[in-house]
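The values are calculated or read from the model by the stated rules, or taken from the named source; none is laboratory data. Fair warning: this is a prediction, and the values are worked out from it, not measured in the lab. Positions of Cβ are generated from backbone atoms using ideal geometry, with glycine treated the same way; all protein chains shown enter the neighbour counts. Heads up: the accessible areas ignore ligands, DNA and RNA and are worked out on the full protein's heavy atoms, side chains in. Shrake-Rupley method; radii C 1.70, N 1.55, O 1.52, S 1.80 Å.
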Amino acid sequence: KIGKLAAKYIETGRSIFLDSGTTGMMLARQIPDLDLSILTSAPNVALEVSKRYKPNVTLIGGLINRSTLSVSGPQSLEFISHLNFDFAFMVASAFSQENGCSCGNYSECELKRNIIAKAKKTIMLVDASKFGKSMPFTFATLDQIDLLITDQRPSDEIMESATQNHVTVLWE
């Protein structure tokens, strides 16, 4: 559901960051065969998108995290410092009112923060099972997100905070 909803925001000619994780992979499977410049920190996402003919896919380097199949670290930060993104499709391991979007690895957190800072528009992908949970490292708060896509309607509290922060929330 989340991948299909998010894919509607992919337009030809755009530069896009696709985050790692199972939700990022679900979006990668929905990527249309368009002229796109796609950057990712996930080798499995890069391989999936590479099955299309038209997208140009760049995989950043660094240390691979076996549990998330993502690459991060100082090399990744240096590499992205020279890039620009129209859209960043980010994935949160957890989301809470108190701590925002969080993950379990500091290097990944730093990479995600830097991607969000460089993106013109940030689209956060969060499956409903991650609401009300926190991981050790916060990489974004609601005021840094433009669009939140999930698979179930969030709680009234989250919806109210999203409205206060001018965040559009989509679910099906």
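Note down the net charge around Val49, summing +1 for each Lys or Arg and -1 for each Asp or Glu among other residues with Cβ under 11 Å from its Cβ.
On the way: positive: Arg29, Lys51, Arg52, Lys54; negative: Asp33, Glu48.
Local net charge: +2.
Using a 1.4 Å probe on the protein heavy atoms, what percent of the accessible area of the stretch 64-172 belongs to carbon and sulfur? The partial results should precede the final answer.
Working: 2590 of 5380 Å².
Exposed carbon and sulfur together represent 48 percent of the surface.
Assuming R0 = 35 Å, can you tell me the calculated FRET efficiency for the pair Leu47 and Glu11, based on Cβ-Cβ distance, to the nearest 0.05?
Values: r = 23 Å, r/R0 = 0.66.
Plugging the Cβ-Cβ distance into 1/(1 + (r/R0)^6) gives 0.95.
Below 8 Å, C-alpha to C-alpha, sequence gap of six or more: please give me the relative contact order for the chain in percent.
Values: 399 pairs, mean separation 34.2, N = 172.
Relative contact order for the chain comes out at 20 percent.
Express the accessible area of the chain per residue in Å², computed with a 1.4 Å probe while the remaining protein chains stay in the model. It would help to have the intermediate numbers written out before the result.
On the way: 8360 Å² over 172 residues.
Each residue of the chain exposes 49 Å² on average to a 1.4 Å probe.
Under 17 Å between alpha carbons, and skipping anything fewer than 8 positions from Lys130 in its own chain: which lysines qualify?
In chain and number order, the partners are Lys1.
Tally Lys and Arg at +1 and Asp and Glu at -1 over the other residues with C-beta under 15 Å from the C-beta of Phe85: what net charge comes out? Could you put the intermediate results ahead of the total?
Details: positive: Arg14, Lys112, Arg113, Lys118, Lys120, Lys121; negative: Glu11, Asp19, Asp86, Asp146.
The answer is +2.
If you take every residue apart from Pro32 with its C-beta less than 14 Å away from the C-beta of Pro32, what net charge results, scoring Lys and Arg +1 and Asp and Glu -1?
Numbers: positive: Lys4, Lys8, Arg14, Arg29, Lys51, Arg52, Lys54; negative: Glu11, Asp33, Asp35, Glu48.
Local net charge: +3.
Output the Kirkwood hydrodynamic radius of the stretch 90-149, Cα pairs only, in Å rounded to one decimal. Can you show the working numbers first?
On the way: mean 1/r = 0.0897 Å⁻¹.
For the stretch 90-149, the Kirkwood estimate is 11.1 Å.
With a Förster radius of 25 Å, plug the Cβ-Cβ distance of Ser155 and Arg29 into 1/(1 + (r/R0)^6) and report the FRET value to the nearest 0.05. Mind dumping the intermediate values first?
Values: r = 29 Å, r/R0 = 1.14.
The computed FRET efficiency comes out at 0.30.
Using a cut-off of 17 Å between alpha-carbon atoms, which aspartates and glutamates can reach Lys51, once sequence neighbours fewer than 8 places away in the same chain are excluded?
Cross-link targets: Asp33, Asp35.
Rounded to two decimals, what is the ratio between the C-alpha radius of gyration of the chain and 2.2 N^0.38 Å? List each step's numbers first, then the result.
Working: Rg = 14.8 Å, N = 172, 2.2 N^0.38 = 15.6 Å.
Normalised Cα radius of gyration, the chain: 0.95.
Need the list of aspartates and glutamates near Lys112 for cross-linking: C-alpha distance under 20 angstrom, and skip anything on the same chain fewer than eight residues off.
Asp19, Glu78, Asp86, Glu98, Asp127, Asp143, Asp146
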